[in-house]
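The values are calculated or read from the model by the stated rules, or taken from the named source; none is laboratory data. What you see is a predicted model, and the numbers here were worked out from it, not measured in a lab. Positions of Cβ are backbone-derived with ideal geometry, glycine not excepted, and every protein chain shown enters the neighbour counts. Each accessible area value is taken on the protein alone, full model and side chains, heavy atoms only, with ligands, DNA and RNA left out. Shrake-Rupley method; radii C 1.70, N 1.55, O 1.52, S 1.80 Å.
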Amino acid sequence: MTVFIGLDLAWTRGRESGVCVFEDLAGVVRLRKLHCVISSPLGFSIMCESFGRDVVVAIDAPLVVTPGRRAERELARNFGRFHAGAYSANMPFLTKMDGLAGPHMASHLRDAGFDLEPEHLVSGAPGRFALEVFPHPAHVALFGLTMALKYKKGALELRRPVFRDYQGHLGALLSGELPAVAADPVVQTVLDPAETLVAGRALKNLEDRLDALTCAYVAYHCWRHGPNGFQVFGSGEHGCIVVPRAMATFGRARSSP
């Protein structure tokens, strides 16, 4: 059994993170959990370790951050025109923002035997792997978008239609690739347009669950297709962001940016 974990990791202590877990049983991928929870980098690492020897976790947070990190610059060259770039991660910035959860978790995952080098994740590989991912460029690549989905900031009346677009695209992707996941009642609830009518903390909770669901799918996608199925921006030594490539298995073939 291989387990795929998506973690929308909160940078700030005491805030909820989105967690999504898929499991592959005899070739059928099903949802195991999808929720939001408050925990520590160590707590999340122990959770990932608890799922066994074959685990791929995709984390929306900077993991490896050294002065030589160039991941965001490389990402911007490919995805900047789609408004899907990321803030540059460096230790002074992360320290100021109380955003060291990712590097701390990376350290714990390494101690637990997780490989943080994306190139080692060949198709169907056994073992433990951890990937740094970012939903915005993943959406552009997987959904064939001309512009990143702007659902995180702005007036509610403008964000709600974008959330519904997000739900529609993600639902179509899962229905085509992972029908058992798409049919799960918990996933159906998260993809229900009526869920976007909330506000405040409830809407943030929906955002975190959608992003965790995206991350779990990316973990599965990268494991299934191997290096042909994703791009790496940056380096394993200094920090890198993994972005999936759209493959012919979902609808018609599309090329990634």
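Taken per residue, the accessible surface of segment 96-135 reaches 43 Å², heavy atoms only and a 1.4 Å probe. Which of rounded, prolate, oblate describes the chain, given a ≥ b ≥ c as roots of the alpha-carbon gyration tensor eigenvalues and a/c under 1.5 marking rounded, otherwise prolate only if a/b is larger than b/c? Rounded. Share of carbon and sulfur in the accessible area of the chain stands at 55%, probe radius 1.4 Å.
Listed by chain and number, the lysines placed with their C-alpha closer than 17 angstrom to that of residue 150 are 204; residues fewer than eight positions away on the same chain are left out. Hey, if you put +1 on the Cβ of every Lys and Arg and -1 on every Asp and Glu Cβ in the chain, which of 161, 102, 55 ends up farthest toward the positive end of that dipole? Working it through, the farthest residue towards the positive pole turns out to be 161.
Checking every one of the chymotrypsin sites (Phe, Trp or Tyr not before Pro) in segment 109-211 against DSSP loop status and a limit of 13 other Cβ atoms within 10 Å picks out no site at all. Answer rounded, prolate or oblate for segment 84-130, using the Cα gyration tensor with square roots of eigenvalues a ≥ b ≥ c: rounded when a/c is under 1.5, else prolate when a/b is larger than b/c, else oblate. Oblate, since a/c reaches 1.5 and b/c is not below a/b.
In order along segment 99-104, phi translates into HN-Hα couplings of x, 8, 4, x, x, 5 Hz, rounded to whole numbers, per the Karplus curve 6.51 cos²θ - 1.76 cosθ + 1.60 with θ = phi - 60° and x for Gly and Pro.
Charged side chains reduced to their Cβ positions (Lys and Arg at +1, Asp and Glu at -1) give the chain a dipole of some 640 debye around its Cα centre. Magnitude of the charge dipole for segment 1-146, about its Cα centre and with charges confined to Cβ atoms of Lys, Arg (+1) and Asp, Glu (-1), is about 320 debye. When only alpha carbons are used to place a centre, segment 214-239 and segment 53-118 end up 12 Å from one another. Taking Cβ atoms as reference points and 14 Å as the exclusive limit, the residues near residue 69 contribute a net charge of -2, counting Lys and Arg as +1 and Asp and Glu as -1.
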